[in-house]
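Only one structure is covered here, and it is reproduced in the block below.
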Amino acid sequence: MKQTIFCMIAAVMLITACAGTPKASAANAAADAEFAAFEAVIDKSFNNLEPRLTAENRIALLPLNAADKENGDYAYDTLTVMFTNSGKYDMVERAQINQIIQEQNFQLSGMVSDETAVSIGKFLGAQVMIIGDISGSGNTRRLVFRALDVETGKILGISSERF
């Protein structure tokens, strides 16, 4: 009798647990696919920009303009890692960038102009400034990076990827 009751309770628990699993699995699969797409566009962005830069350049990457700060920080950190690990470039530390922005009272709300980025780059002693933003929502989001020559203000490369 005890075994029968135990088996019935176990069966109910198993059915209840399985009933919730497809929704959770579908949500996890969708989140994993969205994250994979985001990582892929960051990787494409690096592959688009990197060949346009000269080895040994000192590069500063400004914080991204993004409605979702977490995505902006993730893209920033990932691109910084990629440029650093390539072994070809000298990356300016994020703390140095933030310090210059604060000390010089640069306003970085909204899209950063190329002129502002070049000015920040000069203060940092960088040869190249990379600025970027994430715009749009849902299935129409876009990650855009621009690499600017600090000396001339010339755009060295642009990467624009939808995710």
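The values are calculated or read from the model by the stated rules, or taken from the named source; none is laboratory data. For clarity, every value in this text was computed on a predicted model and none was experimentally measured. Reconstructed Cβ throughout: ideal geometry from the backbone, glycine too, with neighbour counts over all protein chains shown. Remember, those area values only see protein heavy atoms, side chains included, never the ligands or the DNA or RNA. Shrake-Rupley method; radii C 1.70, N 1.55, O 1.52, S 1.80 Å.
Which value, in Å² and to the nearest 10, is the accessible area of Thr54 when all protein chains are kept and the probe is 1.4 Å?
For Thr54, solvent-accessible area is about 90 Å².
Taking the convex hull of the Cα atoms, report for segment 43-135 its projected area averaged over all directions, in nm².
5.7 nm²
Going from most exposed to least, what order do Ile134, Ile42 have by accessible area with a 1.4 Å probe?
Ile134, Ile42
Defining a contact as two alpha carbons under 8 Å apart and six or more residues distant in sequence, what relative contact order in percent does segment 60-163 show?
Reported as a whole number, the value is 26 percent.
Using the Cβ atoms and a cut-off under 15 Å, what net charge is assigned to the surroundings of Ile158, where Lys and Arg are +1 and Asp and Glu are -1?
Cβ neighbours under 15 Å give a net charge of +1.
Which residues' amide hydrogens lie under 5 Å from the amide hydrogen of Val92, considering only partners 5 or more residues apart or on another chain, with H built in the peptide plane?
Ile59, Ala60, Leu61
If we count every other residue with Cβ under 11 angstrom of Asp133's Cβ, Lys/Arg +1 and Asp/Glu -1, where does the sum land?
In short, +3.
Between segment 33-66 and segment 131-163, what is the separation of their alpha carbon centroids in Å?
Each part's Cα centre sits 9 Å from the other's.
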